[in-house]
Amino acid sequence: MSNDVTAVRIDLDEIRKPLSSDPMGMRPMQRRVFDKRDAQYLLIKSPPASGKSRALMFLGLDKLLNQGCKKVIVAVPEVSIGSSFSDTDLISHGFFANWEVNNEWDLCSPGADKGAGARSKVKKLLDFLESDDSTLVCTHATLRFAFQEAGEAIFDECVLAIDEFHHSSSSEDSKLGELLRCVLQRDKAHVIAMTGSYFRGDDMAIMSVEDEARFTHVSYTYWEQMGAYRHLKTLKINYSFYSALDGSYLQALPKILDLSKKTIIHIPHRSSPETAGTKHDEVDAIIDMIGDMQDIEDKTNFYPVVTNDGRTLMVANLVEDDPDFRGKLQSSLRDKEQQERVDIIIALGMAKEGFDWPPAEHAITVGYRGSLTEIIQIIGRVTRDHEGKSTATFTNLIAEPKADDEQVTHAVNQMLKAISVSLAMEQALAPKFKFIPKTNDDSKGNGEQDPTTGDIVIGVKDLKEPKSERAKQIIEQEMDELVAAVCQSPDVIKAMANDDMPGELVQDVHVRRVIEEKYPNETEEDVEAIRQRVAATMAMASVGNTENSTDDDEKAGTNGFVGLVRKFININDLSVDLIDSVNPFGHAYEVLSKGLTSDLLKKVHGAASTQKIKMTEEEALALWPRIQEFARDNGRPPSFESDIALERRLGEALEWLKNKKREQMRA
C-alpha cells in the first residue's frame, strides 16, 4: 500500500467573511444575479448549495410581476431535485412576493419520466400553459417531450429556467440542446440557465459560440461561497493509492473509512477495472466492513449496522435498484429529521447532482472518473455548511499499476487523469482573478476586490490587451471552462509525470495549442492575450499550493491560495515572464512523488517517457522565437543533449527545423 496524500487543502478561517442578507432577503450571490434580472437570457455559474434555487425564485417572480412574462417553467434533471423549488416564504424576509407552486403543477413525483407517467406529465405541462397559474416544476425529460410534441412556440412569453444546464449540449443529438436552439432562434421566451459546473464530461460544447454570446453571464465562486460559511473550517482533496496485488479496493477501503464521519461512498462504475464482483456483492462487503447488519428499518429502508465498538450506524443503500425500495429510501433521505440519522450512504450513480445531505463530511470515490463535472458534483455533496461539521474531505481511491501489468501505460494514464482533476479543482476552488496591465497608477491592480463581480484585481507588467470583442468575452466569461480544458488535455496529462517539464514550454506550446483548438478564429495576438491570462490564473493556485506544502501530508497545501495571493500581491514587479516560468502542473507531480513508492514512481516515469510528446511542426515554429532569444543570450544555439530541460527541448525543435529544411532542399 502506498501513501495517502492531500493534494488541495483550504483553511476557510483565512478567508471568512460574515454572511449577511440585504433588505430583500438576498445573499450576495442572489443579489448579484438579481441585479441582472432584466436580461432575456441569463447564464448563472455558481457552486452547489450556493443559493441558485432561491435566486431563480427571485428572478422568476420579478419577470412575472414586473417584466410581462406569463409563466415560469422550472426544469430539473431528475425528480428528486424538484423539491428544491417547493413553496418558499420570501415576503417575511423582505421580498415583494412568495414563491408558490400549485400541487397540480409539481410534476416531479416518482415515475414522472417513465412510460405512461411520462406521457401524462407532458399533458399536464400543456394543460398548465392553458391555465391561469404561473409556476410549474418538471424534469428535463418532460420539457423535452412537450417540445417534441408541440414545438417551441408553446413557450412564447414564458421563462424557461433550466437547472443543471450542463446536461444540454450543442450536439445535434441533444434534445435539450435542440429545444434551446429553437427557443433562442424564435426569440420570444426568456431563458435562465443554471449550473455548478459549466462543462460536460465529454468534448462537446454546451452551447454554440453564437448562442452563448446572447447570454448575460453571472458567476459566483466556491471561494466566495466558502468564505461566508460559519461552521466548515477546512476542505481537503485527497488521493489514496492501493496495490491491486493486495486485493481489490475493498481491502484498502478500511484504511480511509472513518466510521465517526458521515460518509458517502461511490463504488466503481460497472465498466471500471476497480470493480470487485457485482454491485450487490460490493455493498454487502462494505456493510460487513462496518459491522453486523440488523433488520432493515421498515419505515425508512435504512440499514441499522452495529459496529465492533457497539455503536449502531444507519446505512442508506442507494445501489439497490428495486423501485419500491428505492422510492421509500429516497423519500426518507429528503426528510431532514431522517436525514440527520444517516451515517453512511453507499451509491453508484446517485447521491451526486442535486443530492442534498448537508451533514456529509467525507466523500470517497473509487477509481478514475472521466467527467470533471461528476467530480465537482461529488465534492459538492460535502461542501455544504452544517453545524458540527468542521472539515470536509473528498478522497479518490486509485489502483496502482501492477508490476506485471501488460497495459501499464493505460494504467498510468488513468492514474494521471485522476490526479489531473486536482489541478482543475485547484482552479475551481481558488478566488476569481482579473488581470490588468500594470500602469503607473498605483491605486489599481493591488489585489483589491471588485464589489460587483467579486474578482481580485491584479496588475501584471507586459500583459497584452485583447483586441476582438470575442477575445474579451472569453477572458471575462469563459476562463473556468478554458482552464478545465487545459487540465484535461492529453498532452498536459503526459507532461504531469515529468517533474523537470519547464513552465515556459507548457505555456508556449501545450496551453497555446488548447486555446488555438478551442478558438480557431482568434488572431495570434488575441490567442497570446488569452494565454497570458490562463497562465496567470493557473499560476495562482499552483504556486500557492507548492509554496505552502511540506513533508507533513496533513499540512500540504495549507492556506495555499491565501498565501499565494499575498505572495504575488506583495511583488511589485509581477510580470508575464515571471508567470510563464511557473509550471502549473508541477503540483500534480508532487502528488505522485508523495503518494507512490519509489519503485512505482519509476514505473510511472518509464511509462510516461514512452509517450514522450513528439515534436511537431506547430511546436517547432512556436518555439522558434525562444530559440533565437536563447542564441542571442548565450552566444550559441540550444543543444538537444543539454541536461537543462528547457534548452533540451529548444534544441530538439531546432534539430527538427534543420531536418525539415534539409528535406525541402532535397525535394
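The values are calculated or read from the model by the stated rules, or taken from the named source; none is laboratory data. Everything quoted here is computed from the prediction, not taken from an experiment. Cβ: placed from backbone, ideal geometry, glycine included. Neighbour counts: every protein chain shown.
Among the residues of region 613-667 satisfying the criterion of being of a type in the set (Asp, Glu) and more than 42 Å from the chain's Cα centre (by Cα), which is farthest from Asp580 (Cα to Cα)?
The residue in question is Glu663.
So, of the residues in region 128-149 that are small (Gly, Ala, Ser) and touching a Leu at 6+ places or on another chain (Cβ under 6 Å), which turns out to be surrounded by the fewest Cβ atoms within 10 Å (Cβ to Cβ)?
Ser134
On the given criteria, is Asp156 over 20 Å from Val486 (Cβ atoms), surrounded by fewer than 21 Cβ atoms within 10 Å (Cβ to Cβ), at pLDDT 85 or above and in contact with a helix residue (DSSP H, G or I) (Cβ under 8 Å, 6 or more places away or on another chain)?
yes
Could you please find all residues in region 257-306 being among the hydroxyl-bearing types (Ser, Thr, Tyr), surrounded by fewer than 18 Cβ atoms within 10 Å (Cβ to Cβ) and either touching an Asp or Glu at 6+ places or on another chain (Cβ under 6 Å) or within 20 Å of Ala363 (Cα to Cα) (or both)?
Matches in region 257-306: Ser260, Ser272.
Quick one: count up the residues across region 327-349 that are closer than 17 Å to Gly82 by Cα and either in a helix (DSSP H, G or I) or not assigned by TED's automatic domain parsing to the domain that holds Ala285 (or both).
Counting residues in region 327-349 that are closer than 17 Å to Gly82 by Cα and either in a helix (DSSP H, G or I) or not assigned by TED's automatic domain parsing to the domain that holds Ala285 (or both) gives 9.
Being surrounded by 21 or more Cβ atoms within 10 Å (Cβ to Cβ) and modelled with pLDDT under 95 is the filter here; which residues of region 330-344 pass it?
Answer for region 330-344, where residues must be surrounded by 21 or more Cβ atoms within 10 Å (Cβ to Cβ) and modelled with pLDDT under 95: just Leu333.
Could you list, in sequence order, the residues of region 355-371 that are modelled with pLDDT under 85 and either crowded, with 23+ Cβ neighbours inside 10 Å or within 22 Å of Leu253 (Cα to Cα) (or both)?
Those that are modelled with pLDDT under 85 and either crowded, with 23+ Cβ neighbours inside 10 Å or within 22 Å of Leu253 (Cα to Cα) (or both): Phe355, Gly367, Tyr368, Arg369, Gly370.
List the number of the failed condition for Cys108; all other conditions in (1) at pLDDT below 90; (2) surrounded by fewer than 19 Cβ atoms within 10 Å (Cβ to Cβ); (3) farther than 30 Å from Gln477 by Cβ hold.
Unmet for Cys108, out of (1) at pLDDT below 90; (2) surrounded by fewer than 19 Cβ atoms within 10 Å (Cβ to Cβ); (3) farther than 30 Å from Gln477 by Cβ: (2).
State which residue pairs qualify: first residue free of Cβ contacts under 8 Å to residues at least 40 places away in the same chain and inside region 158-181, second residue surrounded by fewer than 21 Cβ atoms within 10 Å (Cβ to Cβ) and not in a helix (DSSP H, G or I) in any location, beta carbons under 6 Å apart, and separation of 6 or more residues or different chains.
Within 6 Å, the pairs are Ser169/Met204; Ser171/Met204; Gly177/Ser169; Gly177/Ser170.
I'm trying to understand the selection: among the residues of region 221-249, which are touching a Gly at 6+ places or on another chain (Cβ under 9 Å) and either part of a strand (DSSP E or B) or within 28 Å of Met314 (Cβ to Cβ) (or both)?
Answer for region 221-249, where residues must be touching a Gly at 6+ places or on another chain (Cβ under 9 Å) and either part of a strand (DSSP E or B) or within 28 Å of Met314 (Cβ to Cβ) (or both): His231, Lys236, Ile237, Tyr239, Ser240, Phe241, Ser248, Tyr249.
Quick check on region 250-277: of everything there that is of a type outside the set (A, V, I, L, M) and either part of a strand (DSSP E or B) or not assigned by TED's automatic domain parsing to the domain that holds Val366 (or both), which residue is modelled with the highest pLDDT?
Per the stated criteria, the residue is Thr263.
Is it true that Arg119 is of a type in the set (Lys, Arg), buried (at least 17 other Cβ atoms within 10 Å of the Cβ), modelled with pLDDT under 95 and outside the structural domain of Gln477 (by TED's automatic domain parsing)?
no
Just to be sure I understand, how many residues within region 82-109 are part of a helix (DSSP H, G or I) and within 18 Å of Asp356 (Cβ to Cβ)?
4
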